[in-house]
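All remarks here apply to the structure that follows.
The values are calculated or read from the model by the stated rules, or taken from the named source; none is laboratory data. All values reported here derive from a predicted model rather than from experimental measurement. Reconstructed Cβ throughout: ideal geometry from the backbone, glycine too, with neighbour counts over all protein chains shown. The protein model used for the area step is the full one, side chains on, heavy atoms only, and it has no ligands, DNA or RNA in it. Shrake-Rupley method; radii C 1.70, N 1.55, O 1.52, S 1.80 Å.
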Amino acid sequence: MTWLAAYQAGHNCVSWQGHCAQEGDAFDAFLQGPVAARLHDAAGHDALTEHLRGLSLTGMGQEALEEVLAAEVPETRDWAAGEALAEAVLEAQHDVVLPWNTERDKRNPFASLPGADIVGFQRDGESHRLALGEVKCSSEALSPPQVMSGRSGMTHQLDTLASNLATLCQLLKWLLPRVKGTEHETAFNNACTRYFNSGKRDLVLFGVLIRDQTVRETDLQARGRTLAARLQAPSCCQLLALYLPWPIAQLPERVGQGGGV
């Protein structure tokens with residue numbers, strides 16, 4: 001077992017739950033497999049490598065290509081590893097489909113990207129609904145940590161994803177060209193149809209908090225109740241706290257260069 005449930009509760013259309021990582025081979029395999037693949041965009045790296053190696057290159061050209069591929073800078077920032085961990089957990093345990101790895105949108109390997117951290121769909125029976133979310137990492141002893149509050153905090157950001165139509169329009173505009181003509185286009189169409197036909201309510205929000213402190217339901221409870229007072233069904237919000245058995249700063253190293261990169 002990779003994660004052990006520590007607490008679970010909810011109010012109206014908002015739920016919150018905490019899970020503790022269980023050290024061992026299964027957790028290591030999860031970090032060095034799905035998490036590493038997300039963090040380093042293994043699929044994008046492999047696709048680029050296959051395409052470029054198929055070009056008609058001279059011996060000098062082949063050497064130059066291998067030098068460029070070897071120069072790829074691995075992502076080592078702890079918050080980026082935290083986002084990759086959250087994405088892998090959502091895909092594995094919450095039927096979330098993330099059709100595009102945002103690592104590919106970076107023009108500078110050291111840059112961060114604005115906008116929602118989670119943009120995709122959640123399987124719901126034979127259909128899909130929009131899945132949007134935010135990821136925060138915190139080693140702060142305070143519970144709840146400060147990353148949960150304020151204008152840059154998770155609560156406000158999730159509220160914005162649910163209510164700010166300009167933000168939603170921008171996310172849909174970003175997502176469409178990345179799924180059009182792919183296996184995910186039907187999911188996009190289904191999710192958008194459900195959202196519009198429900199009067200802009202049928203979507204699921206995820207707030208994922210990565211922690212390396214003592215397990216406490218107070219990390220999520222108050223903010224969950226705040227969101228429950230603002231959201232209306234069929235909107236749904238799931239707050240997840242993932243508790244690591246070692247400091248968050250160690251996460252990039254423990255993920256390592258797995259995932260096929």
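Kindly state, to the nearest 0.05, the FRET efficiency for residue 225 paired with residue 173, given R0 = 35 Å and r defined as their beta-carbon distance.
Once the sixth-power term is evaluated, E becomes 0.60.
Return the tail of the calculated pair distribution for segment 1-148, meaning the percent of Cα-Cα pairs more than 26 Å apart.
39 percent
In a shell of Cβ-Cβ distance under 9 Å around residue 129, excluding residue 129 itself, what net charge do Lys and Arg (+1) and Asp and Glu (-1) give?
0
Please list, ordered by chain and number, the residues whose modelled amide H lies under 5 Å from the amide H of residue 203; skip anything fewer than 5 residues away on the same chain.
Amide H neighbours of residue 203, under 5 Å, 5+ apart: 235, 236.
Nearest 20 debye, what's the magnitude of the dipole of segment 167-261 about its Cα centre given +1 on Lys and Arg Cβ and -1 on Asp and Glu Cβ?
380 debye
In terms of the Cα gyration tensor, with a ≥ b ≥ c the square roots of its eigenvalues, is segment 26-73 rounded because a/c is under 1.5, prolate because a/b exceeds b/c, or oblate?
Here segment 26-73 falls in the prolate category.
Would you look at the GNM of the chain, springs on alpha carbons closer than 10 Å, and say which of 150, 207, 18 moves the most?
Looking only at 150, 207, 18, the largest GNM fluctuation is found for 150.
Would you mind telling me the share, in percent, of accessible area of the chain contributed by carbon and sulfur at probe 1.4 angstrom?
51 percent
Can you give the accessible area per residue of the chain, in Å², using a 1.4 Å probe?
49 Å²
Can you tell me the Rg and Dmax of segment 61-140, counting just the alpha carbons, in angstroms?
Every Cα atom of segment 61-140 included, Rg and Dmax give 16.0, 50 Å.
So how much accessible area does residue 72 have, in Å² to the nearest 10, using a 1.4 Å probe?
Answer for residue 72: close to 90 Å² accessible.
Roughly how many debye, to the nearest 20, is the charge dipole of segment 121-232 about its Cα centre, given +1 on each Lys and Arg Cβ, -1 on each Asp and Glu Cβ, and no other charges?
300 debye
Could you compute how much accessible surface residue 79 exposes when probed at 1.4 Å, giving the result in Å² to the nearest 10?
Estimated to the nearest 10 Å², residue 79 gives 90 Å².
Positive end of the dipole of the chain, charges at C-beta (+1 Lys, Arg; -1 Asp, Glu), about the Cα centre: which of 240, 10, 188 has its Cα farthest in that direction?
Farthest towards the positive end: 10.
Restricting attention to segment 117-151, which GluC sites (Glu not before Pro) occupy a DSSP loop and are surrounded by at most 10 other Cβ atoms within 10 Å?
126
To two decimal places, what compactness ratio does the chain give when its Cα radius of gyration is scaled by 2.2 N^0.38 Å?
1.05
Of 143, 198, 56, which is the most mobile in a GNM of the chain whose springs link Cα atoms less than 10 angstrom apart?
Among 143, 198, 56, the largest GNM mean-square fluctuation belongs to 56.
Taking θ as phi - 60°, what are the ³J(HN,Hα) couplings along segment 171-176 by the Karplus curve (6.51, -1.76, 1.60), each to the nearest whole Hz, with x for Gly and Pro?
With coefficients 6.51, -1.76 and 1.60, one gets 5, 5, 5, 6, 6, 3 Hz.
Give me the extension gain from residue 183 to residue 112: residue separation times 0.36 nm, minus the current Cα-Cα distance, reported in nm with one decimal.
Answer, rounded to one decimal: 22.8 nm.
Mind giving me the FRET efficiency for residue 79 and residue 197? R0 is 45 Å, r the Cβ-Cβ distance, nearest 0.05 is fine.
It comes out at approximately 0.80.
Give the distance, in whole Å, between the Cα centre of segment 168-228 and the Cα centre of segment 1-75.
Their Cα centres are 21 Å away from one another.
Of the residues 71, 233, 191, which exhibits the maximal mean-square fluctuation in a Gaussian network model of the chain defined by a 10 Å Cα contact cut-off?
Checking each option, the largest mean-square fluctuation is seen for 71.
Using amide H atoms built in the peptide plane, which far-off residues or other-chain residues are under 5 Å from residue 213 H to H?
Result for residue 213 returns 244.
Quickly estimate the mean residue ellipticity at 222 nm for the chain, helices only: each DSSP H run with n ≥ 4 gives -39500 (n - 2.57), and the total goes over all residues, rounded to 500.
Counting only the DSSP helices, I get -11500 deg cm²/dmol.
Kirkwood hydrodynamic radius, computed over distinct alpha-carbon pairs, for segment 165-261: how many Å, to one decimal?
16.7 Å
Kindly write out, for segment 68-76 in residue order, the coupling ³J(HN,Hα) from the Karplus curve 6.51 cos²θ - 1.76 cosθ + 1.60 (θ = phi - 60°), rounded to whole Hz, with x marking Gly and Pro.
Working through the residues one at a time gives 5, 5, 6, 8, 4, 8, x, 6, 10 Hz.
Run the 1.4 Å probe and let me know the accessible area of residue 35, rounded to the nearest 10 Å².
The accessible area comes out at roughly 0 Å².
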